[in-house]
Amino acid sequence: MKTINKKIINAVNIFFLLLVLSELIPAKAMPAESNYLLGLAVIIEIIYIANLIRNKNKEKVQACGDVAALILAFLWLWELGTAKLGILDKFLYPAPGVVLKLFIQEFPFLLKGLLNSIQLLAGGYLLALLVAVPLALVIGWRRRLYQAAKPLTKVLGPIPPIVYIPYAIAILPTFKASSIFVIFIGAFWPVFINTLNGVFNIEKRIIDAARVLNVGEREMLFKVILPGALPSMLSGATIGLVFSFILLTSAEMIGATSGIGWYVKYFSDFADYPRVVVGILFMGLVVTVITYFFDQAERFLLRWRR
């Protein structure tokens, strides 16, 4: 009985109920578009209940419940502050229902912009991985090269990549080439430095054991050094991905004619803040999806640690 009560009376259901009840308050800011907000709240509640029924892992159920409760609480406070009580300026703070309706309407246009952004992101980021990883493996493996490269990484690595944007736009022929170059620089140093340190810090006994077994140079590099440096390399790749997003958005805001960053900048110039909020939410959604798949790939590659 106590368990059943705990499943029913919890933060998710309380905030869901509060959100539904708040819709009984007459709206001060019109249009409120409450149906869209209620629809989203119902979807969140359904996902939570389905997870509660199907998932046997208590920690994951609790984490899912906490996230759902936070989202519902945020939506409830947002709705009260804008549409229902009118505390916030309706020009700067659109009601959540208005944003959700606009998000659905603008989704095809946002997807089109996303394709342009992904092309730039993939071009710069993948190029950085292809250059940084082999280079760091070779330099990290050779002590003399490592000692020579280490001071350079301390000078060039900390330079904020965003300072390259105006110069890259000036010297490269197209905006696309400039963006890919800046994203490449932003992702290169975290991947390179982390992989370099990962290679250099591999335990000496592992190297010695491989040498005792007469492992060749190539096998040593790809079957001993690379797996040993993989955790550091993936940490650098994660940081590089975050930098890539920041630089992509910054570059698009400065000189693009399409893309997610351009969308937010373009409509902020016209003070169309509902669309600005839509762009920010869409960007957050895209980053969440990409980092989710990145985390899954990392878990797969490092499955031997579990």
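For Val212 and Ile71 in one chain, what is 0.36 nm times their gap in residues minus the Cα-Cα distance, to one decimal in nm?
In short, 45.1 nm is gained.
May I ask you to compute the full-extension gain from Ile14 to Lys154, defined as 0.36 nm times their residue separation minus their alpha-carbon distance, rounded to one decimal in nm?
Gain on stretching Ile14 to Lys154: 45.2 nm.
For region 30-162, what percent of Cα pairs sit more than 20 Å apart?
Everything past 20 Å amounts to 70 percent.
Please compute the Kirkwood hydrodynamic radius of region 129-219 from all pairs of different C-alpha atoms, in Å with one decimal.
Kirkwood hydrodynamic radius for region 129-219: 15.0 Å.
For the chain, take the convex hull of the Cα atoms, compute a quarter of its surface area, and give me that in nm², please.
About 21.5 nm², averaged over all directions.
In whole percent, and with a 1.4 Å probe on the protein chains, what portion of the accessible area of region 48-128 is carbon and sulfur?
70 percent
Cα-Cα pairs above 19 Å in region 162-213: how many percent?
Here the tail beyond 19 Å accounts for 52 percent of pairs.
Ratio to report: Rg/Rh of region 148-306, with Cα atoms as the point set and Rh obtained by the Kirkwood method; give two decimals.
Ratio of gyration radius to Kirkwood radius: 1.10.
Taking one equal scatterer on every alpha-carbon of region 131-170, how large is log10 of I(q)/I(0) by Debye at q = 0.17, 0.27, 0.29 1/Å?
Calculated log10 I(q)/I(0) at the listed q: -0.58, -0.89, -0.93.
Counting only heavy atoms of protein chains, what accessible area per residue, in Å², does the chain have with a probe of 1.4 Å?
Per-residue value: 59 Å².
What figure in square angstrom, to the nearest 10, would you give for the accessible area of Glu33 with a 1.4 Å probe?
Glu33 has an accessible surface of roughly 50 Å² with all protein chains in place.
I want to make sure I understand the PRE zone here: with the label point 7 angstrom from the Cα of Leu302 toward its beta carbon, which residues in region 163-201 have backbone N atoms less than 17 Å away?
190-201
FRET efficiency for Phe222 and Val287, Cβ-Cβ distance as r, R0 = 22 Å, nearest 0.05?
Efficiency computed from Cβ-Cβ geometry: 0.10.
Show me the ranking of peptides 146-154, 98-106 by mean Cβ neighbours inside 10 Å, starting with the highest.
Put in order of decreasing packing, that is 98-106, 146-154.
Tell me, what is the percent relative contact order of the chain, built from C-alpha pairs under 8 Å that lie six or more residues apart?
Once normalised by length, the contact order is 19 percent.
Using all Cα-Cα distances in region 68-117, what percent lands in each 5 angstrom bin from 0 up to the longest?
Result, from short to long distances: 5, 19, 19, 18, 16, 14, 8, 2 percent.
Mind giving me the FRET efficiency for Leu145 and Ala63? R0 is 45 Å, r the Cβ-Cβ distance, nearest 0.05 is fine.
The value I calculate is 0.50.
Could you pull out the pairs from Lys60/Lys101; Lys28/Lys112; Lys56/Lys101; Lys28/Lys101; Lys112/Lys154 whose alpha carbons sit more than 28 Å apart here?
The answer is Lys60/Lys101; Lys28/Lys112; Lys56/Lys101; Lys112/Lys154.
Take Met283, Met220 and sort them by solvent-accessible surface of the protein heavy atoms, 1.4 Å probe, largest at the top.
Correct descending sequence by accessible area is Met283, Met220.
Test of understanding: extend the Cα→C-beta vector of Lys112 to 7 Å, then name every residue of region 232-259 with backbone N under 14 Å from that spot.
In region 232-259, the label zone of Lys112 (backbone N under 14 Å from the point 7 Å along Cα→Cβ) covers 257-259.
Counting only protein heavy atoms and using a 1.4 Å probe, what share of the accessible area of region 175-260 belongs to carbon plus sulfur, as a whole percent?
After summing per-atom areas, the C and S share lands at 65 percent.
The values are calculated or read from the model by the stated rules, or taken from the named source; none is laboratory data. Predicted model, so just to flag it, every value in this text is computed and none were measured. All Cβ positions, even for glycine, are placed from backbone atoms using ideal geometry, and neighbour counts span all protein chains on display. The area values use the complete protein model at the heavy-atom level, side chains included, leaving out ligands, DNA and RNA. Shrake-Rupley method; radii C 1.70, N 1.55, O 1.52, S 1.80 Å.
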